[in-house]
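First the structure, in the form of structure tokens, and then the observations on it.
The values are calculated or read from the model by the stated rules, or taken from the named source; none is laboratory data. Everything numeric here is computed off the predicted structure, so don't read it as measured data. Cβ coordinates were reconstructed from backbone atoms using ideal geometry, including for glycine residues, and neighbour counts include every protein chain displayed. These area figures cover heavy atoms from the full protein model, side chains too; ligands, DNA and RNA do not enter into them. Shrake-Rupley method; radii C 1.70, N 1.55, O 1.52, S 1.80 Å.
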Amino acid sequence: MQTALSSPKKSLRAVLVGSAVLVLAASLGTGGAAGSVSRAAPGCNRGSLNIERHRYGTAPSGATVHLYKLTNSHCMRVKIITYGGIIQSLSVPNRNGRTRNVALGFSNLDDYVEQNDPYFGAIIGRYANRIANGEFTLDGVTYELPVNNDPNTLHGGPKGFHTKVWDAQPAQDANSVGLELSYTSRDGEQGFPGRLETEVRYTLTENNALRMHYLATTSQPTVVNLTNHSYFNLGGEGTGTIYDHRLKINANHYTPVDSTLIPTGRIARVAGTPFDFRTPKAVGARIRNSHPQLLTGLGYDHNYVLNGGQGLKPAARLTDTKSGRVLHILTTEPGIQFYSGNFLDGTLIGTSGHTYRQSDGLALETQHYPDSPNQRNFPSTVLRPNETYDTTTVFKFSTTG
Ligand code: GLA
């Protein structure tokens, strides 16, 4: 079967200039793609679709790590490092065109290698979120995984995809600029069966969307659940809490958890609870409510069951009324983890030199539900050799008056 992974990279137009910096600039003329943010706001310094490569450092494996800077002509800029496929920064304009980095992260590779316990910006694999007791059974065989979040396996294990150096290929067409990351996970890596060929394609478009297209194929039956673990603060990274951000999640249900944050298996209604974000609500408005699930999670740390079936659908919308920045999240995934940054404890120093404390950013991780390999009533995460794992998530930015 021809898989998307082996298809030719039609859009690739890369030119390597010297060894240190790679620059791709589109010959777009003056038109570009129209979008809801197509008018340059005052203060916004319009550039052109462009990708640059810089050396970022050396990973513990000895591999060179690069940083790719993707820019569009509507004031959006994304920096991605090949270590963990991490979105290191994501700069978008406010309602006056002032650009600011809205993604939490670190300023250097050592910090990502040594202290990225929050998984800032990283690609998560092979399995986003938790697998109970570090084990699952597939086709009658039980697989043991390393336990890194006692008693469970979290985010693919201690040496998950967030720690790997990904191969990178820049890509570009008339209306977007992209980076295609690939990584082959060997059979048995972090306990998971099958050799998994993985590709994550980041695309920055002219309408201020960052698209993430995840593809994987396997040599043996396995389980897969990939996501990106960016934390957002739409007022700007390092500017305090996101309590006054307004959040809408298109979900009538969520999956309550036990004391180790493993879903109980219940699909609960959000109606009448602090988990109801069907209409926009300030994140901080009910976070100190005594609902037992907020006590268990130390705040929000729950998977939402998205309304709307298959296909790319609006999942969540986050609005910072002060700056006017709005983030729309669309996904083909059935769930989204809303994590209100509960474990940020003031011990990490972020990109701009400020410490991160609880709720200084929030993550909205599109995904299949946590612990699906052990939960019969959840959508399946099994991938078989004749299938292609193929999911898409979009972070689209706009502004509001
Ligand atoms: C996910 C989990 C949280 C926490 C963070 C990383 O969002 O659900 O419990 O582990 O990752 O800190």
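So here's what we get for this one:
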{"read-out": "Dipole axis of the range 6-399 (+1 Lys, Arg; -1 Asp, Glu on Cβ), positive-most option in Y369, G299, T273", "value": "T273"}
{"read-out": "K69 - accessible surface, heavy atoms, 1.4 Å probe, Å² rounded to 10", "value": "50"}
{"read-out": "S73 long-range amide H proximity, modeled H, under 5 Å", "value": "L49"}
{"read-out": "Mean separation of Cα contacts under 8 Å (6+ apart) over length of the range 75-204, as relative contact order %", "value": "19"}
{"read-out": "With DNA, RNA and ligands ignored, accessible area of R278 (1.4 Å probe; Å², nearest 10)", "value": "90"}
{"read-out": "Pairwise FRET efficiency - S107 versus T260, Cβ, R0 = 51 Å, nearest 0.05", "value": "0.95"}
{"read-out": "The range 64-72 - phi-based ³J(HN,Hα) in whole Hz, Karplus 6.51/-1.76/1.60, Gly and Pro as x", "value": "6, 10, 10, 10, 10, 10, 9, 10, 10"}
{"read-out": "T184, T203, ranked by accessible area, largest first (probe 1.4 Å)", "value": "T184, T203"}
{"read-out": "Å³ per residue enclosed by the Cα convex hull of the chain", "value": "133"}
{"read-out": "Solvent exposure ordering (accessible area, 1.4 Å, most first) of R211, R98", "value": "R98, R211"}
{"read-out": "Taking the range 276-401 and dividing mean pair separation by its residue count, relative contact order in percent (alpha carbons under 8 Å, at least six apart)", "value": "25"}
{"read-out": "Sequence-distant residues sharing a close amide H with R357 (under 5 Å, placed H)", "value": "G346"}
{"read-out": "Residue-by-residue Karplus 3J(HN,Hα) for the range 136-144, coefficients 6.51, -1.76, 1.60, Hz, glycine and proline x", "value": "7, 10, 9, 6, x, 9, 9, 10, 9"}
{"read-out": "Long-range amide H partners of A171 with built H, under 5 Å", "value": "G178, L179, E180"}
{"read-out": "Net charge dipole size for the chain [Lys, Arg +1 and Asp, Glu -1 on Cβ; Debye, nearest 20]", "value": "1520"}
{"read-out": "Hypothetical label at Y243: residues of the range 257-298 whose amide nitrogen lies under 20 Å (7 Å Cα-Cβ projection)", "value": "274-277, 280-298"}
{"read-out": "Added length on full extension, which subtracts the Cα-Cα distance from 0.36 nm per residue, N377 to A285", "value": "29.9 nm"}
{"read-out": "Relative contact order computed over the chain (Cα-Cα under 8 Å; 6+ residues apart), in percent", "value": "17"}
{"read-out": "List K159, K281, ordered by accessible area with a 1.4 Å probe, largest first", "value": "K159, K281"}
{"read-out": "Modelled label reach - A63, point 7 Å along Cα→Cβ, the range 103-131 residues with backbone N closer than 20 Å", "value": "106, 108-117, 119-128"}
{"read-out": "³J(HN,Hα), Karplus 6.51/-1.76/1.60, whole Hz, each residue of the range 165-181, x for Gly, Pro", "value": "8, 8, 6, 10, 10, x, 9, 7, 9, 5, 10, 7, 9, x, 9, 9, 9"}
{"read-out": "Residue among N207, N303, N225 with the largest mean-square fluctuation in a Gaussian network model of the chain, springs linking Cα atoms under 10 Å", "value": "N207"}
